[in-house]
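Reading through the structure tokens given below for one structure.
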Amino acid sequence: MKSELLDKVLEWRNVVVVDFENYQCIPTDLLNEEYVYYLFCGATTTKCANAYKEMLNAYDVNVIETRHTGTNFVDNRISMYIGYIFGKYSPRQVILVSNDIDYYEMYIDLKSHGYPIVYREPSLTCKEAIRRQSDYLLGNPLSKPNQHNSSNDESDVLKVLTSFNQKANLILKKIEESKQPDDIKSIVEKIMELNKGDPVVASSRMTHYLRKKMKMTKTETNKTLNQINAKYVELVETRGKEKFYKILL
């Protein structure tokens, strides 16, 4: 692995991986000074990627250049790096930005095993994105976007959504149900780690860890605490308004 990745501490970080060969930009809504960005590029896009990095000098942007050429070489390298990130660290989320169809199998496999990965296809119209995803999830052959018919008419989109919505919801529900316990368990393990391995932790300290250390919002914190209390802790002591819980792992 290149030093750009080895030198980073990606524990509980939001990591954005951009297939710069395919899409030469970071979506605006993903620009955040606390995120880490990797722009994967080949020989023809390296100069552009470095110029783009200079423009975003306030952000932690890293250019990963691939000098070798070959079919899907950059795609394979991106898949390898994402696997390395999940193997070495526990990132809060990995966001893959690309319009390439070759990542679907990797994405669905990681998602179904509880890994926090998001797949963004920013250049596709809404209708094309739905068609692409429905083709994959329903086992139809994948195809490139239709360049000659990029209509995004609202009635067409609603028609596609209506036919696909029921099956997609069932699939996504199964994915969410399968990953939620693992996600909460990893958070509980992180709380114990931040508590220096002590399984007994005060409720206020758990809240502090989630809000300050793990950067959760108030709503996310309350939801996570409810999930933790339901399965992973037991009340062992109450001192005034403070409650102390023992982590059960």
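The values are calculated or read from the model by the stated rules, or taken from the named source; none is laboratory data. All values reported here derive from a predicted model rather than from experimental measurement. With ideal geometry, Cβ positions are generated from the backbone for all residues, glycine too; neighbour counts draw on all protein chains shown. Heads up: the accessible areas ignore ligands, DNA and RNA and are worked out on the full protein's heavy atoms, side chains in. Shrake-Rupley method; radii C 1.70, N 1.55, O 1.52, S 1.80 Å.
Considering only the range 28-46, how many residues are open to solvent by 70 Å² or more (accessible area, probe 1.4 Å) and either in contact (Cβ under 8 Å) with a residue 12 or more places away in the chain or assigned to a loop (DSSP other than H, G, I, E, B) (or both)? Going through the range 28-46 one residue at a time, the tally reaches 4. Checking the range 101-117 against the condition returns a match, with at least one residue being of a type in the set (Phe, Trp, Tyr) and over 24 Å from Ile184 (Cβ atoms). Only one of the numbered conditions (1) small (Gly, Ala, Ser); (2) closer than 17 Å to Leu30 by Cα; (3) open to solvent by 30 Å² or more (accessible area, probe 1.4 Å); (4) modelled with pLDDT of 90 or more is violated by Ser98, and that is (3).
Picking from residues in the range 47-73 that are in contact with an Asp or Glu (Cβ under 7 Å, 6 or more places away or on another chain) and open to solvent by 20 Å² or more (accessible area, probe 1.4 Å), the one that is modelled with the highest pLDDT is Tyr59.
Looking at this structure, is Ile82 modelled with pLDDT of 65 or more, out of contact with any Asp or Glu (no Cβ under 9 Å at 6 or more places or on another chain), within 19 Å of Asn62 (Cα to Cα) and crowded, with 18+ Cβ neighbours inside 10 Å? Judged against the criteria, Ile82 is a match. Taking the stated definitions as given, is Thr221 crowded, with 17+ Cβ neighbours inside 10 Å, over 12 Å from Leu248 (Cβ atoms) and hydroxyl-bearing (Ser, Thr, Tyr)? When the stated conditions are applied, Thr221 passes them. Filtering the range 109-122 to residues that are crowded, with 17+ Cβ neighbours inside 10 Å and of a type in the set (A, V, I, L, M, F, W, C) leaves Leu110, Ile117.
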